[in-house]
1. Which FRET efficiency, nearest 0.05, do residue 10 and residue 142 yield, Cβ-Cβ r, R0 22 Å?
2. Test of understanding: ordering 182, 3, 58, 153 by Cβ neighbours within 10 Å, fewest first, what list do you get?
3. So for the chain, averaging the separation of alpha carbon pairs under 8 Å that are six or more residues apart and normalising by length, what relative contact order in percent results?
4. Arrange the following residues from fewest to most other Cβ atoms within 10 Å of their Cβ: 72, 216.
5. Name the residues of the stretch 221-244 whose amide N is less than 16 Å from a point 7 angstrom out from the Cα of residue 188 along the C-beta direction?
6. So what is the diffusion coefficient of the stretch 178-240 in µm² per second by Stokes-Einstein at 10 °C and 1.306 mPa s, using a Kirkwood Rh over Cα pairs?
7. Given the rule -39500 (n - 2.57) for each run of at least 4 DSSP H residues, summed and divided by the residues of the chain, what is its mean residue ellipticity at 222 nm, to the nearest 500 deg cm²/dmol?
8. Can you work out the PRE-style zone for residue 36? Point 7 Å along Cα to Cβ, and I want the residues of the stretch 114-134 with backbone N under 15 Å.
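Nothing in this text is a laboratory measurement; each read-out follows from the coordinates by a stated rule. Computed from a prediction, not measured in an experiment: that's the story for all the values here. Because the Cβ atoms are built from the backbone with ideal geometry, glycine has one as well, and the counts that use them run over all protein chains shown.
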Amino acid sequence: MKRQRIRKAILLISFLLFPITIYYFSPVLVIQGASQGVVVGSLILFGLMFLSSLFLGRGFCGWACPAGGLQECCTLSVDKKVAGGKFNLIKYIIWVPWILTIIVLALLAGGFNSVDFFYQINDGISVSDKFGYIIYYFFVGLIVLLALAGGKRAFCHYICWMAPFMVIGSKIKSVLPIPSLRVRPIKDNCKSCKSCDGKCPMSLPVSTMVQQDSMENTECILCGQCVDTCTKGALKFSFGLPKR
């Protein structure tokens with residue numbers, strides 16, 4: 001499908017730009033900036049991810065994340081499904097202490113009093129010295145090893161510190177409710193061929209979700225693989241309120 005070719009091309013470009021952009025996703029720079037009362041670039045981007053999730057869910061993960069691009073490259077040799085389930089909670093165990101550390105350090109610094117989008121980023125380029133290369137290859141290696149050991153998009157499931165921002169936004173948009181991008185099931189069209197299950201990069205039980213007439217899942221990244229795989233029209237993208 002043309003849509004999937006476009007999506008994968010965007011992800012590949014995002015990954016190729018990762019040496020430039022990696023510090024803009026840094027959880028460490030946020031902590032360092034908070035200790036000095038500085039709002040850094042990565043904190044701004046995390047805030048934008050949260051705001052975008054109110055209307056696009058975890059679309060960033062499926063369409064623009066550089067780590068997602070690397071993991072999609074890994075699927076050429078890794079087709080193992082992740083265990084998921086309770087193991088998905090690991091990222092929240094990482095995220096909560098991290099957020100609390102940021103808040104405490106910011107309070108000790110007297111609050112945020114300045115904004116520096118390029119904080120500790122030389123000329124706006126992340127990997128500009130040997131230390132930068134060490135950090136870059138550490139995270140690339142970590143993402144690849146997790147995919148090899150844990151399965152498709154294991155990094156997204158288990159340790160991504162960005163995902164909770166978008167999960168929280170997705171929860172809020174469903175509760176309020178806020179019109180947003182969604183995958184909607186058309187249960188009567190489903191023939192239970194389960195081809196969508198094999199294509200889902202997040203290893204979700206898509207066919208079961210269709211039969212339950214609900215596609216709401218915090219691990220769904222709205223990549224549209226299931227939509228474009230189904231030849232019977234049992235799934236479609238739509239923009240609107242959640243089904244009640």
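1. E(calc), rounded to 0.05, equals 0.45.
2. Final ranking by Cβ density, sparse to dense: 3, 182, 58, 153.
3. Answer for the chain is 27 percent.
4. The most exposed by this proxy come first: 216, 72.
5. 232-236
6. For these conditions, the coefficient is 139 µm²/s.
7. -16000 deg cm²/dmol
8. What the label zone holds, given the 15 Å backbone N cut-off, is 114-124.
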